1. At a probe radius of 1.4 Å, what is the per-residue accessible area of VAL569, in Å² to the nearest 10?
2. If the chain between GLN60 and SER588 were fully stretched, how many nm would it gain, using 0.36 nm times the residue separation less the Cα-Cα distance?
3. Would you work out which of GLY305, ILE381, VAL362 lies farthest towards the positive end of the dipole of the stretch 299-390, given +1 charges on the beta-carbon of Lys and Arg and -1 on that of Asp and Glu, about the Cα centre?
4. Sort the stretch 87-245 into rounded, prolate or oblate with this rule: let a ≥ b ≥ c be the square roots of the eigenvalues of the Cα gyration tensor; rounded if a/c is under 1.5, and if a/c is not under 1.5, prolate when a/b is larger than b/c, oblate otherwise.
5. Ignoring ligands, DNA and RNA, how do ARG225, ARG128, ARG555 rank by accessible area with a 1.4 Å probe, largest first?
6. For the stretch 435-481, what does the accessible surface come to per residue with a 1.4 Å probe? Please give it in Å².
7. So how strong a dipole does the stretch 109-200 carry about its Cα centre when Lys and Arg Cβ are +1 and Asp and Glu Cβ are -1, to the nearest 20 debye?
8. What shape does the stretch 304-417 have by the C-alpha gyration tensor, where a ≥ b ≥ c are the square roots of the eigenvalues, rounded means a/c under 1.5, and otherwise prolate means a/b greater than b/c and oblate the rest?
Amino acid sequence: MNKTSPQVEFPYKFRKGQREMVRDIEKVLESGEHIVIEAPTGFGKTISALYPAVKYAKKQGKKILYLVRTNSQEQKVVEESSHLGVRVVPLQGRNKMCPLVNENSEWKKGNPEELSILCSKLKKEVERGNENACVYYANYLKNSQNFSLDKPMTAEEIYHHSLEKGICPYELLKDSLKNADVVVAPYIYFFVPFIRNIVMDEMGVGFKDVILIIDEAHNLPDFLRELRSDVLSMESLNRMEMECREYGNPLILGNLCTDIAEFLKESIYSVANVDDEEAIIPPYAWEEELSKFIRVSINTIRTLGMELIKMGEVVREEKAKRRKLPRSYIYHAGNFIYLWQELYSYEYLHLVKKSSNPSLEVYCLDPAELSDILRNVYSSISMSGTLDTKIYRNILNLPENTVMRSYPWPFPKENLKIIYTDDVTTRYEEVEDNIPKIAKYVDEILSIDRNTLVLFPSYTLMNRVMGHSKANAIADERALSQKELYRRVENFRKKGGAIFSVFGGRIAEGMDFPGEQLEIVVIVGIPYPKPTSRVKMLEKYYEYKFGNGWEYAFRNPAKIKMLQAIGRVIRSPEDRGIVIILDRRIVSFPEINAEAVDSIKASIQKFFNNRKRGGGASS
């Protein structure tokens, strides 16, 4: 940033707690440290982080990389950056910003690496004189000097603006990075090394030039675990078999490629002979089974992986030449074998999953495998409305001197009420006897005729309660298409009613209901993770590492889910709502501040009858 830029002013009247958050971040930036922030929904975290970061970056010539999880969060950062008078670039991938991808249903399925291979191939053809390979890139090369992002725009606006000019939106975004003060991007753009290197090169910065802001940071640990994990399924091996035939079925270690695919499937079936849906495989047990089928020594399995990778690279290159998505299932199988053997350490699990599509999985227990890169930036600001700051710091292996702060609820406390009843539970041993009573409570709550979201820990429990309920509600069922779900939700927004969903479901995670669109949230049961093999091993891992595995593997994830649900009803000073928790075990979460009541229906009616929007006496 230009060190002589005009003074930056906070663009709004400070809400409760915002001035304190700004000052805390200013101190952290001056010392080049890291800060983890918990501040509730509606606090104004985006502007409270951007404002001090922009001020410091302007003074010291640094740049801000703002990481988000969703497009709506990205749009918010663009909007707030415009109020601070800085140049902001909302970075999106080729899957969103490439016109050719959006015109090709096959390419839309591509991952970042596959689309990068394809794009590089087409760009080289254009540069050799074949402008028809990609007319958007060809037009951009001829006219790039005439285009720049001279005003803040969302990624969607940039895409449509570029199409009107006939140029490549992705190249425009990429070339705009060098002049940006703030770059806002999905998590993947910093935590995948090859993507991060490209972004930072285009920005023209080193690690110590970057102030990193991570929004909705409670999502980051699981995102990093998934990023470092991999799966080999029966379905992918069936596709590998077809690919082998398509590309000549060559010999690999003396076996036909199709036979290798068959041996891989047979070896998975051999180790999938377990009682549980998911089980941990002892070290080298799968390799032993596979070596029996292929008739090679167990030490040759790594060589098999490398040979498959080589063949897969040939397939990807051939597909790219034919303007096909350069996806190779042969490559994927080889890469999986390589990772499976490479990642024998206590930070990883080797699992087999039984289902209609049996699979092997390498699962990363420790997100610090990827988050250690945070220590390299000048300063990082991690923030969320549902974050245990100490657990987050520990899980991501942030420095011991990381500053941890929690800020208060910024709106009138009487706008939100949390109640529970102590005569029901979804505890495994008791849930069957409690389902009729839970259904009766749900029907009682819905009879009040306020817009209501009912959340369950699982689809199984949701369906069982619905079987006893008389409610006429929208249900976020697994089999429901996205289009039909959106149609029903839009009907709910217009006419009101009730929605049944699960924690982590499409409605619970991906949709907002401001104001009176949502006034009641019902939490049925405590949403502890299912005690699968991986979650139990996660508990053991953190017990060994931090001494409190239950807190890290079970209690904290459940608390985060409940706090997210509670945050759904209050997103502005004008919002008000009530949360009902149907499980007596909520008493083990004193930080939720739930109040026991004798009559749920009477408490809800009193809450809405005795209070005016935004004020009034507490009921």
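1. 0 Å²
2. Working: separation 528, 0.36 × 528 = 190.08 nm, distance 4.67 nm.
In short, 185.4 nm is gained.
3. The one lying farthest along the dipole's positive direction is GLY305.
4. Details: a/c = 2.02, a/b = 1.11, b/c = 1.82.
It comes out oblate by the Cα gyration axes.
5. Values: ARG225 15, ARG128 175, ARG555 35 Å².
In descending accessible area the options line up as ARG128, ARG555, ARG225.
6. Values: 2340 Å² over 47 residues.
Per-residue accessible area for the stretch 435-481 comes out at 50 Å².
7. Dipole about the Cα centre, nearest 20: 240 debye.
8. Verdict is prolate for the stretch 304-417.
The values are calculated or read from the model by the stated rules, or taken from the named source; none is laboratory data. Every value quoted in this text rests on a predicted model; they were computed, and no experiment measured them. Cβ atoms come from the backbone with ideal geometry, glycine included; neighbour counts cover every protein chain shown. Ligands, DNA and RNA are excluded from the accessible area calculation, which covers all protein heavy atoms including side chains. Shrake-Rupley method; radii C 1.70, N 1.55, O 1.52, S 1.80 Å.
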